[in-house]
Amino acid sequence: MTRRSIGIIVNGVTGRMGYRQHLVRSLLALREQGGLELGDGTRIWPEPILVGRDETRLRAVAERHGLTDWTTDLAAALARDDAEIYFDAQVTQQREKAIRQAIDAGKHIYTEKPLAESSAAAWELVRAADAAGIRTGVVQDKLFLPGLRKLKRLIDGGFFGRILSVRGEFGYWVFEGDWQPAQRPSWNYRAEDGGGIVMDMFPHWQYVLEELFAPVRAVTCVAATHVPQRVDEAGRPYPATADDAAYGIFELDGGIVAALNSSWATRVHRDELVEFHVDGTEGSAVAGLRRCRVQHRAVTPKPVWNPDLPATEDFRAQWTEMPDNEEFDNGFKVQWEAFLRHVVTGSPFTWDFLAGARGVQLAELGLRSAREGRRVEVPELSR
Ligand SMILES: NC(=O)c1ccc[n+]([C@@H]2O[C@H](COP(=O)([O-])OP(=O)(O)OC[C@H]3O[C@@H](n4cnc5c(N)ncnc54)[C@H](O)[C@@H]3O)[C@@H](O)[C@H]2O)c1
C-alpha cells in the first residue's frame, strides 16, 4: 500500500463549517480511516495546512487535533509546493479575493458555497480557473443527505410517475442574541457583510432542484427581514440589514413547480429542519435530512373536506418509511472523497466552479425578483 500525501490549505478553519464539517468530519475522519483508498494500492493521505487570521485560535485548533502545520500567512501557504489544494470556508465576502490568489498560485481549489457574491464575479472565477487549467469544486453537501439520497432512489426507480410539484420547508428560529445567544454568526444578518438567507440557501436549492428534478428556468421570490434588530457576538445591538426569510417559487424545465420557503424566523413544527414534499401522478414522498416517507397512488386515502367534523384520519400514519438499504457517511466527507479522487486520478467531478456559479446566479436572480416584485427568467449558464 502506497501513501500519497496531499497538502490541503484549509482557510477559515476556525469557523463553524471549516472546523466541524471540513476539518474534523471530513479530512481528519479520512485520516482516522487510514486515508482514502483508490483501489490500486494507493491511499490518499490529507495533510491539512491550517490558515486563519487569529494565531491563538489557530494554535488551539491545531493542538486539539495534534496538528502542527498552521499559519496566518495565506501567501506563504500558497507559495508551498506541497500544498496542492486550496480550500475556502471563510465568510463569503473574503472568498473571491483568496480564490483569485489560489488560482494565481496554480492550486486546485475546493470551496464552500456560495462561490462568490455576484454572478459576474463567479463567472470570472470560472474563466480564470479554466485558463489556469486547475481542478475546481464547490460544496453541494445536501445532495449527499440520506433523505435526499432516498428521494433520488425513488426518482431513479420511477416511483413518482410524472413529477408535478415540490414543496420545501427549511428553517428554524435563530435567536436574536439578546437573552439567548444566536446560534448563527452575526454576519449572516448584515447585507454589507455578505449575509442574507437568499445568498445562503438559493445556491443549495439550485443544485438540489437541478440534480434531482430539472434545471430552474424562472424564479419568483419574496424576501423579508422579519427580525430587524439583533445582538452580535460581543453583545452589541445591530440593525439586521439582510433578508432572514425567502419565499421562492421555482419553475423547472418540463413544468415541475417548486415552492421552497427558507427562514431563520420560524419555529419548527416538522420532523426535520428541512423537508421536501414531492407529488407525482403515481405517488408522493416527504424527504428530510435523514428520513423519507412515501405514499403510493394505490394506497392514497380519499379525504373529504368537511370543516364541521374533527379530523378522523391520522394522515401521517398513512405514509411508509423508506429503508436505508445502505450506510450513509457524512455528506461533506463523501464529496471531499470525490474531489480528492478527481484531483489525484482525474476521475469525473461535476460540482465544479461552473456548477457553483449557477447557484450564485439563482441567488442573484432571486434577490432581483424580490427587489423588483416580479418573476425573473433564469438564463442557461454554460461555457
Ligand atoms: N454547506 C453548508 O451547508 C454551509 C452551511 C453554513 C455556512 N456555509 C458557508 O460556509 C462559509 C462560512 O460560514 P460559517 O457559518 O462557517 O461562518 P463562521 O463565521 O463560523 O466562520 C467564518 C470563518 O471565516 C473567517 N474569516 C476570514 N475573514 C473574516 C472576516 N473578515 N470576518 C469574519 N470572519 C472571517 C473566520 O475567522 C472563520 O474562520 C460561508 O461562505 C457560508 O455560506 C455553508
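The values are calculated or read from the model by the stated rules, or taken from the named source; none is laboratory data. This structure is a prediction, so every number in the text was calculated from the model and none was measured. No Cβ is skipped: glycine too gets one built from the backbone with ideal geometry, and neighbour counts run over all protein chains shown. Protein only, heavy atoms only, side chains kept; ligands, DNA and RNA dropped before computing areas. Shrake-Rupley method; radii C 1.70, N 1.55, O 1.52, S 1.80 Å.
General observations
- Amide H within-cut-off set for ARG230, under 5 Å, with H built and near neighbours excluded: TYR238, ALA240
- Counted without the sites themselves, the longest stretch of the chain free of chymotrypsin sites (Phe, Trp or Tyr not before Pro) in a DSSP loop having at most 10 other beta carbon atoms within 10 Å is 1-178.
- Efficiency of FRET between ALA234 and THR71 - r from beta-carbon atoms, R0 22 angstrom, step 0.05: 0.25
- Area accessible to solvent at SER284, 1.4 Å probe radius, in Å²: 20
- Antiparallel content of DSSP bridges confined to the chain, in %, to 5: 55
- In the stretch 150-246, GluC sites (Glu not before Pro) in a DSSP loop with at most 15 other beta-carbon atoms within 10 Å: GLU233
- With all protein chains kept in place, the per residue accessible area of the chain amounts to 47 square angstrom at a probe of 1.4 angstrom.
- Of ASP324, ASP352, the order by accessible heavy-atom surface (1.4 Å probe, DNA, RNA and ligands excluded), from most exposed downward, is ASP324, ASP352.
- Against the criterion of solvent-accessible heavy-atom surface with a 1.4 angstrom probe, LEU74, LEU309, LEU23 sort, most first, into LEU309, LEU74, LEU23.
- Once C-alpha pairs closer than 8 Å and six or more residues apart are averaged by separation and normalised to the residue number of the stretch 239-383, the relative contact order reads 11 percent.
- Here the stretch 113-153 is treated with +1 on each Lys and Arg Cβ and -1 on each Asp and Glu Cβ, and its dipole about the Cα centre works out to around 500 debye.
- Distance between the stretch 79-105 and the stretch 285-307 - C-alpha centres, whole angstrom: 46
- Straight-line reach from LYS150: taking Cα to Cα under 29 Å and skipping same-chain neighbours fewer than 8 places apart, the lysines in range are LYS113, LYS142, LYS302, LYS333.
- Working from Cα pairs under 8 Å separated by at least six residues, relative contact order for the stretch 169-328 is 22 percent.
- Positive-pole candidate from ILE8, HIS204, ALA298, dipole of the chain, charges at beta carbon: ALA298
- Viscosity 0.890 mPa s, temperature 25 °C, Stokes-Einstein D of the stretch 169-271 from Kirkwood C-alpha radius, µm²/s: 169
- Of the three principal axes defined by the Cα atoms of the stretch 257-318, the extents in descending order read 34, 30, 23 Å.
- Three-way shape call for the stretch 236-352 based on the alpha-carbon gyration tensor, with the a/c threshold at 1.5: oblate
- For the chain, the fraction of 1.4 Å probe accessible surface lying on carbon and sulfur atoms is 49 percent.
- Förster-model FRET efficiency, 45 Å R0, ARG100 and ASP178, C-beta, rounded to 0.05: 0.70
- Estimated FRET transfer efficiency when R0 is 56 angstrom, pair ASP54-VAL257 (beta carbons, to 0.05): 0.75
- In nm, spacing of pseudo-spin labels at LEU289 and ARG368 (7 Å Cα→C-beta vector): 3.4
- Prolate/oblate/rounded label for the stretch 32-147 (Cα gyration tensor, a/c 1.5): rounded
- Loop-located trypsin sites (Lys or Arg not before Pro) in the stretch 4-71 (DSSP state other than H, G, I, E, B) with a sparse environment of at most 15 neighbouring Cβ atoms within 10 Å: ARG53.
- Average Cα contact separation per residue, the stretch 1-95, under 8 Å, 6 or more apart, as relative contact order %: 40
- The stretch 27-75 and the stretch 136-201: distance between their alpha carbon centers, rounded to Å: 27
- Solvent-free Debye scattering, log10 I(q)/I(0), computed from the Cα coordinates of the chain at q = 0.10, 0.14 Å⁻¹: -0.70, -1.33
- Amide H partners (placed H, <5 Å) of GLU47, local residues excluded: ILE6, GLY7, ILE8
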